[in-house]
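Every read-out reported here was derived from the displayed coordinates using simple, explicitly stated rules and does not represent laboratory data. Everything numeric here is computed off the predicted structure, so don't read it as measured data. All Cβ positions, even for glycine, are placed from backbone atoms using ideal geometry, and neighbour counts span all protein chains on display.
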Amino acid sequence: MNLRHLAIALFFPITLAAQDFSRPPAELPPRATTALATSLERSKPHRQHVWRDTAPINADRTVNAFIEIGQGDRRKFEFDMAANALKIDRMIPEKIGGYAVNYGYVPQTVSYDGDPYDALVLGPPLTEGALVKGVIVGLMYMEDEKGIDSKTVLSRVDANGRPLHQLTPELQREIGDFFKRYKLDQPGLFSKVPGWGTAAEGLAYIQLTHRFFLECRNRAGSACTVAK
């Protein structure tokens with residue numbers, strides 16, 4: 001570990017060595033509560049805002065996901081809270097390749113880094129900016145320089161509500177390999193994928209990060225603990 005990585009590890013104490021990824025911490029750190037308050041303030045000019053006003057889970061128990069990056073795309077889009085729209089952040093180098101899976105977020109959530117909680121949607125490429133719904137098929141454990149960054153994996157469903165795609169071991173290897181490598185062009189940043197969790201664990205992350213969204217909005221600058 002170089003000195004910069006050591007400094008990051010000391011500043012962001014939620015680390016792989018200390019964290020059981022199957023039990024997400026019930027505390028949102030101060031910088032994330034500040035980011036939540038800032039995002040809510042930036043969303044105010046919009047009467048309808050996709051992150052702020054879309055439910056995370058539907059009556060049929062499917063999960064909503066806003067697609068930021070389509071499978072195969074090397075353009076790294078991020079959601080601009082003030083614009084209520086996507087903006088391009090950077091281009092993934094050709095040697096790393098495009099995203100191995102559709103990538104987005106679950107509305108009305110905030111994760112430990114202050115961003116909306118991430119969702120991965122299996123299947124063919126989806127259009128950036130689309131709002132899709134699916135069932136939970138697993139959880140990808142992940143850690144980066146900011147701490148826990150796990151992502152719930154979804155599949156869209158057929159007319160009978162059955163998942164169209166399965167999270168196979170082959171897909172786990174392909175997706176995990178990409179997320180282990182996708183920050184290699186960014187000095188001082190890193191990402192790890194230590195394993196995979198169940199659909200129940202994926203749901204627990206969504207429910208917890210939704211509670212952060214609801215209960216921590218007035219705690220900017222302070223840690224916010226919610227009951228699990």
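What relative contact order, as a whole-number percentage, does the stretch 114-228 give when Cα pairs under 8 Å and 6 or more residues apart are counted?
Computed over the stretch 114-228, the figure is 28 percent.
Tell me which DSSP H helices of the chain clear both cut-offs, 30 Å or more of axial length from alpha-carbon atoms and a mean Kyte-Doolittle hydropathy of at least 0.0.
Working: long enough: none.
None clear 30 Å together with a mean of 0.0.
Along the charge dipole of the stretch 3-217, pointing to its positive end and built from +1/-1 on Cβ of Lys, Arg, Asp and Glu, which listed residue (VAL132, GLN48, ALA35) has its Cα farthest out?
GLN48
Cut-off is 10 Å between beta-carbons; in what order do ILE57, ILE69 appear when sorted fewest neighbours first? Walk me through the intermediate numbers first.
On the way: ILE57 18, ILE69 23.
Placing the least packed residue first, the sequence is ILE57, ILE69.
Sequence-distant or interchain residues sharing an amide H contact under 5 Å with SER111, placed H: which?
Under 5 Å from the amide H of SER111: TYR117.
Any idea what the dipole of the chain comes to, in debye rounded to 20, about its Cα centre with Lys/Arg Cβ at +1 and Asp/Glu Cβ at -1?
Details: 28 positive and 26 negative charges, 58 e Å.
About 280 debye.
Quantify how much of the Cα-Cα distance distribution of the stretch 94-149 extends past 13 Å, in percent. Walk me through the numbers on the way to the answer.
Working: 1050 of 1540 pairs.
It works out to 68 percent of all Cα pairs.
Give the relative contact order (percent, whole number) for the chain; include only Cα pairs under 8 Å separated by 6+ residues. Can you show the working numbers first?
Working: 491 pairs, mean separation 59.9, N = 228.
RCO, the chain: 26 percent.
Using the basic label-point model (7 angstrom from Cα toward the beta carbon), what is the ARG217 to ASP158 distance in nanometres?
About 4.0 nm separates the two model spin labels.
Greater than 20 Å separation of Cα atoms is the criterion. Which listed pairs, LYS151/LYS192; LYS87/LYS192; LYS146/LYS192; LYS44/LYS228; LYS146/LYS183; LYS133/LYS183, meet it? Before the final figure, lay out each step's value.
Working: LYS151/LYS192 12 Å; LYS87/LYS192 26 Å; LYS146/LYS192 12 Å; LYS44/LYS228 29 Å; LYS146/LYS183 13 Å; LYS133/LYS183 28 Å.
Check vs 20 Å cut-off fails for LYS87/LYS192; LYS44/LYS228; LYS133/LYS183.
What residues from the stretch 150-179 fall in the zone where the backbone N is under 13 Å from a label point 7 Å along the Cα-to-C-beta line of ASP144?
Those under the cut-off are 150-151, 179.
Would you please give the FRET efficiency between PHE190 and ARG42, computed as 1/(1 + (r/R0)^6) with r the Cβ-Cβ distance and R0 = 30 Å, to the nearest 0.05?
That gives a FRET efficiency of 0.55.
Please rank ASP158, ASP113, ASP89, fewest neighbouring Cβ atoms within 10 Å first, as an exposure proxy.
Numbers: ASP158 9, ASP113 20, ASP89 13.
Placing the least packed residue first, the sequence is ASP158, ASP89, ASP113.
Given a 10 angstrom Cα cut-off, can you work out which residue in GLN108, GLN186, GLN48 is the most mobile in a GNM of the chain?
Judging by the Gaussian network model, the answer is GLN186.
If you restrict to DSSP beta bridges whose two residues both lie in the chain, what percentage is antiparallel, to the nearest 5? Write out the running numbers ahead of the final one.
Values: 33 of 36 bridges.
That works out to approximately 90 percent antiparallel.
When the Cα centres of the stretch 102-118 and the stretch 75-99 are compared, how far apart do they sit, in Å?
After rounding, the separation between the Cα centres reads 15 Å.
Put +1 on the Cβ of every Lys and Arg and -1 on every Asp and Glu Cβ in the stretch 3-217; which of SER22, PHE66, VAL193 then has its Cα farthest towards the positive end of the dipole?
PHE66
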